[in-house]
Amino acid sequence: MNNRKKFEDQIIQLSHGDGGLKTSQLINNLILDYLGNSTLNKMEDSAIIETGGSRLAFTTDSFVVNPIFFPGGDIGKLSICGTVNDLATTGCTALGLSFSLIMEEGFPTKHLKKILASIKATSLEAGVNIITGDTKVVEKGSVDKIFINTSGLGIIKHGLSLSTEKIKAGDKIIINGPIGDHGISILSQREEFNFKSNIISDCAPLNSMVDEIISRSRRIHALRDATRGGLATVLLEMADTSNHSMNVYSKNIKVTNEVKGICDFLGLDPLYIANEGKMVMFVDARDADIVLKTIRQNKYGQQASIIGEVGPKGSCSVILNTEIGTRRMLDMQYGEQLPRIC
């Protein structure tokens, strides 16, 4: 990894799990120092395993969102969408998911039923089954209500290869809709903020949309699920791992008026707000228009837009070109603006 340094922090803080700079330091400077290898060091959403002439995609994620029910979803839907979307970044066909529950004693059965129904509906929509799982119950207070871990396994179509390593100068950067809806939806449900909004999380399984664009173009180079840390963090990570600069344009990055208003009021930057139904795509310029048209025909991509392009190798910088003609260099935030977002 680039610029790996010694991990100096003496205790783990919330910011180490929030998807920002502190998370990056924890992973790159401590976890990879012990566990790093040629596959893990690539830091893709899914690891690629080659075996017996086949290429498999494998991913895992844990969900600790607070609150567990929110407009547009719940921790169950979130757990399926998160893992399905991480698998989708490889363009694979999902073979199955694992599903592990950790609940505190006293957790209401009616809430568990609601979460399980949501998991069933989302897995049916995504066309993937839960094929193994585990359940643990711990003393009250040992976890906050319920935590879920999901893993996913998929098989990659012959000849298909999507990776940060494939990004090249001139690629167009596409996203499938407005940013920030999930993070602000969660924030509006937190008691400490105490305000109401009509914002609904964008939490959604995106594998059908990815299947459709792959069927129309073999010039898609890389995909990344823009969750914790938001769009800006994804672009910075992709710029760093691909060793390319990137230019994006604020006029093409859609933010709903309600999300923008709340961000302005609270001093938040929507570029760093979490999403749970947004895919960032790096596509050869020759196929950008056909890919964009295909995305817009999917219900989860009707507001898709080309937000920028990849620049030359070397600087790894991400420049935001504003509507008033200024240029702002994006940087990793110290931490996510809101913890326990997924």
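The values are calculated or read from the model by the stated rules, or taken from the named source; none is laboratory data. Note that the coordinates shown come from a computational prediction; the quantities given were computed from them, not determined experimentally. In this analysis, Cβ positions are derived from the backbone assuming ideal geometry, glycine residues included, and neighbour counts consider all displayed protein chains. For the accessible areas, the whole protein counts, side chains as well, though only heavy atoms, and no ligand, DNA or RNA atoms are used. Shrake-Rupley method; radii C 1.70, N 1.55, O 1.52, S 1.80 Å.
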Discussion item. Regarding segment 151-162, can at least one residue be identified that is at pLDDT 95 or above, within 22 Å of Ala232 (Cβ to Cβ) and out of contact with any Phe, Trp or Tyr (no Cβ under 6 Å at 6 or more places or on another chain)?
Written reply: yes
Practice prompt. Report, by residue number, each residue of segment 107-138 that is loosely packed, with under 13 Cβ neighbours inside 10 Å, part of a helix (DSSP H, G or I) and of a type in the set (Ser, Thr, Tyr).
Written response: Thr109
Discussion item. I'd like to verify a number: residues in segment 261-298 that are more than 17 Å from Arg216 (Cβ to Cβ), out of contact with any Gly (no Cβ under 6 Å at 6 or more places or on another chain) and outside any helix (DSSP H, G or I), how many?
Written reply: 8
Worksheet item: Before we move on, is Lys196 surrounded by fewer than 21 Cβ atoms within 10 Å (Cβ to Cβ), more than 19 Å from Gln297 (Cα to Cα) and of a type in the set (Lys, Arg)?
Response: yes
Worksheet item: How many residues does segment 139-171 hold that are open to solvent by less than 40 Å² (accessible area, probe 1.4 Å) and either within 24 Å of Ile341 (Cβ to Cβ) or not in a loop (DSSP other than H, G, I, E, B) (or both)?
Response: 8
Worksheet entry | Those residues of segment 47-77 which are part of a strand (DSSP E or B), within 20 Å of Gly180 (Cα to Cα) and of a type in the set (A, V, I, L, M, F, W, C), in sequence order | Phe63, Phe69, Phe70
Worksheet item: Looking only at residues in segment 237-289 that are farther than 15 Å from Pro178 by Cβ and among the β-branched types (Val, Ile, Thr), which one is farthest from the chain's Cα centre (by Cα)?
Response: Val283
Worksheet item: Does Leu26 satisfy the condition of being open to solvent by less than 50 Å² (accessible area, probe 1.4 Å), in a strand (DSSP E or B) and hydrophobic (A, V, I, L, M, F, W, C)?
Response: no
Worksheet item: What number of residues within segment 40-89 are open to solvent by less than 60 Å² (accessible area, probe 1.4 Å), among the polar types (S, T, N, Q) and over 13 Å from the mean Cα position of the chain (by Cα)?
Response: 3
Discussion item. Considering only residues that are among the small types (Gly, Ala, Ser) and either in contact with an Asp or Glu (Cβ under 6 Å, 6 or more places away or on another chain) or not in a loop (DSSP other than H, G, I, E, B) (or both), which ones fall in segment 78-106?
Written reply: Ser79, Gly82, Ala88, Ala94, Gly96, Ser98, Ser100
